[in-house]
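Engineer: Once you've had a glance at the structure underneath, I'll fire off some questions.
FYI, it's all coordinate maths here, none of it is from the lab. In this text, all values refer to a predicted model and were calculated from it rather than measured experimentally. Here the Cβ positions follow ideal geometry from the backbone for every residue, glycine too, while neighbour counts run over all protein chains shown.
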Amino acid sequence: MLLAVSIGSIVVIAYEGYRSGQKALAGSFENQLTSLRAAKARQIENYFQTLRSEVQVYGNAPSTVEAMKAFTAAYDLVLDESASIDARRTNGLRDFYRNEFAPALAEKTGREVNSDIYLPAALAARYLQFEYIVENPNPVGDREAFEGPGDRTDYSQAHKRYHPIFREVVEEFGYYDLFLIDNQGNVVYSVEKEIDFATSLLFGTASSNLAEVYRDAQRQNSGYVAMVDFEFYLPSYSAPAAFMATPIYDGVELVGVMAIQLSVDEINRVMTGNQRWAADGLGETGETFIVGEDATMRSDSRARLEDPDAYFDAIASTTIDLEQGDRIRQLETSILTQPVNNPTIDRAQNGQSGVDTVTNYLGQPVLSAYTQLDIRGVNWIIISEINQAEIFAPVAVFARRVLISAAGLVFLITLASLWLARAFLKPVNQLSEGFRRLAAGHQEAFVEVLADDELGELAKAFNHMVKKNYKANALVAQKTQETEALLLNMFPASVAKRIRKGENLVADEAESVTVIFMNVLNFQRMTEALKPKQAIEILNELVKALDEATESHGVEKIKTTGSEYLAVSGLSVARLDHAKRVIDFAAESFQIVAQINREWKVDLKMRIGVHTGEVIAGTVGTQRLIYDIWGDTVITAHHVQSAAEPSSIYVTEAVVRRLSNLYEFAPVGDIEPRKGKSLSVFRVNILEGLFTS
């Protein structure tokens, strides 16, 4: 009673404290995530607004207009001047696509690449790509350092004049690349010199998002800035890329389009706070990321950046398919590749904002704050989330402390309860102890009679009952032991257990077991040479050793008939490795025979047949109950044994298929267990060297 009242009070107080703590922590983190989401949303929106302003300013700058006109004119005349596209340049460019670009793209995409389809068709594009990409002394990622070849074309002169300006713009403002595109869709200039340089957006890369943003910008008035969402961009080796573009006007005349390729690193820097999540108040598991209209990420995953191995282990247990996981690994980014599927995505894309508990893309329960971003040209949402386990970690600490305190209080109350119980109810406790001892198996659990009242009479009656039970239990134990020994001697332990429970008819069917037939050779000759008693003693010792080996290997003995021994594995107890257990038992049986031969100075040999298949098993008879197995598997094993050579194990093809990677098997030919039915037989080579002495 004391324990019930005390524990009840502790549980009520602890539950109220735990619930209040959870509610307070959840509210605190909801406010924190909402504030962080709003702050990051402002940052990323300001970042894209700044990008728009920069693109607008540079697109209208006089130097950009001059550069656009100069590159357009030079591009059209590049092959009319002293330059030419000869076989050397064509073959050099083809070698670049075949030996450099195609292998790198295949490594990123995991697919074979036909390099010939990327070779530009226009001669001007081939010439410029050869001079500025193939002949560029700098590796991929540093090609912007090359200011141009030594030819005297107008294009080279324009490039040497304007390239340092645009290169400085890209480096200063963190763009990935900057393009000038003429009114015919030709990329007449780019800073990074990837394979989109000098090509037409109306043909080879017409389906890219760069072509899409170009067409949008070309239709607009001066000052308009178009933007397209991320897509896998082939010229950047299928990396995710997004673009902004603005039309370039010379007065009222459209002379081209300037476009920039957004840097994924800059977006990740804003969203991750330079990968200082803890400093942003996101603890050990929190993060803020962007999700696009297709429900995939537009900024990188914290888990992938911090611990890629743990990240890939986590997504492997989610609904993401293997191909997506490989794509993330190859591209080294979760942008466009990591799906984020939970109810908050749909709500945010419908313009809603809020905080909810969902399962994140790693399959973990998180508290997630979501809202839609105000970025013209894309439908993005921003999510701030943190694992629930981290949120409620302080509550878990509180719960542990309450449990420790409760355990201490319960211990003290228990001591007081025991002292009071012993003081007031010592006779009852003594009688209870007597019953406990009797239940525990003590046959002479007599109690001391401490009083002459009702409890004393109860103690006397208890002692009388113990005395009678002692005699009855002794007789029952004797009979039970005899019955147990008889059953275990006749049947496997599992069958004996079922018979003890009252099953009159035991019948089983197993679809996959391994049966072993063993035949002791030379036994008849040994009985003629020795006295019958001695021969039976030798056979008994052999069978006893085999019985012990069956138990150690998980094999069930079925019966012995004369010098034959039948056993099975996987019948009463289902085992995936029943074939291996039988082969290991068979190998040990030869060692047992060898030991018997050494001890008794006899020359017994053994041949063994093993087959895997289905059997039926059960008890038959009434006066003399036996347990046996039947079926083609048993018959086949017997025939395989009959065909075996002395001191060898023969198995069927069904056994070889299961154990081919564990043992060596040698084909020995075919047998005919039934008329018209042929069966391949193999010898197990595990016994080589066992009997060399």
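Engineer: Taking the Cα centre of the range 131-234 as the origin and placing charges on Cβ (Lys, Arg +1; Asp, Glu -1), which of Phe230, Ile133, Gln220 is farthest toward the positive end of the dipole?
Structural biologist: Gln220
Engineer: On to the next question. When Cα Rg over 2.2 N^0.38 Å is calculated directly from the model, which label among (1) 1.04; (2) 1.11; (3) 1.62 fits?
Structural biologist: (3)
Engineer: Using unit Cβ charges (K, R positive; D, E negative) and no other charged atoms, how large, in debye to the nearest 20, is the dipole of the chain about its Cα centre?
Structural biologist: 3680 debye
Engineer: How high is the relative contact order of the chain, given as a whole-number percent (alpha carbon pairs under 8 Å, six or more residues apart)?
Structural biologist: Across the chain, relative contact order equals 9 percent.
Engineer: Mind giving me the FRET efficiency for Ala121 and Thr357? R0 is 51 Å, r the Cβ-Cβ distance, nearest 0.05 is fine.
Structural biologist: Values: r = 55 Å, r/R0 = 1.09.
Efficiency, rounded to the nearest 0.05: 0.40.
Engineer: Using only alpha carbon pairs under 8 Å that are at least six residues apart, calculate the relative contact order of the range 61-262 and give it in whole percent.
Structural biologist: Contact order relative to length: 20 percent.
Engineer: With N set to the number of residues, divide the alpha-carbon radius of gyration of the range 61-262 by 2.2 N^0.38 Å and report two decimals. Show your work: numbers first, answer last.
Structural biologist: Values: Rg = 16.0 Å, N = 202, 2.2 N^0.38 = 16.5 Å.
Dividing the Cα Rg of the range 61-262 by 2.2 N^0.38 Å gives 0.97.
Engineer: I'd like to verify something in the chain: which complete DSSP H helices, judged by Cα projection on the helix axis, reach 18 Å or more and average at least -1.0 on the Kyte-Doolittle scale?
Structural biologist: Qualifying helices, which must be both long enough and hydrophobic enough, are 2-60, 62-77, 393-424, 426-439, 454-490, 532-553, 578-600.
Engineer: How much of the DSSP bridge set in the chain is antiparallel, in percent, rounded to the nearest 5?
Structural biologist: In the chain, DSSP labels about 95 percent of beta bridges as antiparallel.
Engineer: I've got another one for you. Along the charge dipole of the chain, Cβ charges K/R +1 and D/E -1, which of Gly256, Ile596, His464 sits furthest on the positive end?
Structural biologist: His464
Engineer: If amide H atoms are built 1.01 Å from N in the plane of the peptide, which residues on other chains or at least 5 residues away come under 5 Å of the amide H of Thr199?
Structural biologist: Hits under the 5 Å cutoff: Val187.
Engineer: Using the number of other C-beta atoms within 10 angstrom as an exposure proxy, rank Ser6, Ser317, Ser384 with the fewest first.
Structural biologist: The order, fewest Cβ neighbours first, is Ser317, Ser6, Ser384.
Engineer: Okay, moving on. Can you find, among Asn46, Leu571, Ala295, the residue sitting farthest towards the positive end of the charge dipole of the chain, where Lys and Arg contribute +1 and Asp and Glu -1 at Cβ?
Structural biologist: Checking the options against the dipole of the chain, the answer is Leu571.
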